[in-house]
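The values are calculated or read from the model by the stated rules, or taken from the named source; none is laboratory data. As the structure is a computational prediction, the values presented were derived from the model and not from experiment. Glycine gets a Cβ as well: all are built from the backbone with ideal geometry, and neighbour counts include every protein chain shown. With ligands, DNA and RNA removed, areas are computed over all heavy atoms of the protein, side chains included. Shrake-Rupley method; radii C 1.70, N 1.55, O 1.52, S 1.80 Å.
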Amino acid sequence: MNLWPEVSPALLLIPLDRHISRIARNLELTSRGSDDWKTAEEVSASLARFCPEDPIKYDFSLCHLGIAGECTHGKDQELCRRCLLASACLAAKPGRN
Ligand code: SF4
């Protein structure tokens, strides 16, 4: 259901909470160190490479990795070994944590 059909999903920015900012850095969706508007723009642009029509559709999946306890940002390498994102994630690389 689209509550605001007059707004294109392609124009939305990622809600940059703590979970998203940490996983975005691990997945190299941003090179920025601060959690600000520019970082939200950069992460959104990176996600648009995968789906330009609706880049923010990945928000729920990425955010809930952390919320559900399935991602500890590399502290628990056993979780990383089971993670489908491991091949693209800096936190899963040996010697990073
Ligand atoms: S590989 Fe590890 S740190 Fe990276 S997203 Fe998966 S669980 Fe999180």
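Think of the chain as having a plus end and a minus end, set by charges on the Cβ of Lys, Arg, Asp and Glu; of Trp4, Pro52, Ser87, Ser87 sits farthest toward the positive end of this dipole. Computed from label points 7 Å out along Cα-Cβ, the spacing between Ile67 and Asp17 is 0.5 nm. Restricting the chain to chymotrypsin sites (Phe, Trp or Tyr not before Pro) that sit in a DSSP loop and have at most 13 other Cβ atoms within 10 Å of their own Cβ leaves Phe50.
Normalised per residue, the accessible area of the stretch 12-92 is 59 Å², obtained with a 1.4 Å probe and no contribution from ligands, DNA or RNA. Charges were assigned to the Cβ only: +1 to each Lys and Arg, -1 to each Asp and Glu. The resulting dipole of the stretch 12-92 about its Cα centre is roughly 240 debye.
Scanning the chain for GluC sites (Glu not before Pro) lying in DSSP loops with no more than 15 further Cβ atoms inside 10 Å, the longest uninterrupted stretch between such sites is 71-97.
Relative contact order of the stretch 12-92: what whole-number percent is it, with Cα pairs under 8 angstrom and at least 6 residues apart? Once divided by the residue count of the stretch 12-92, the mean separation gives 32 percent. Between the helical axis of 37-48 and the longest alpha-carbon principal axis of the chain there is an angle of about 90 degrees. Based on DSSP loop calls and a cut-off of at most 11 other Cβ atoms within 10 Å, the longest stretch of the chain free of exposed trypsin sites (Lys or Arg not before Pro) is what? Longest run free of exposed loop sites: 1-48. Computed over protein heavy atoms with a 1.4 Å probe, the carbon and sulfur contribution to the accessible area of the chain reaches 59%. Springs between Cα atoms under 10 Å define the GNM used for the chain, and in it the highest mean-square fluctuation of Leu13, Leu65, Leu85 occurs at Leu85.
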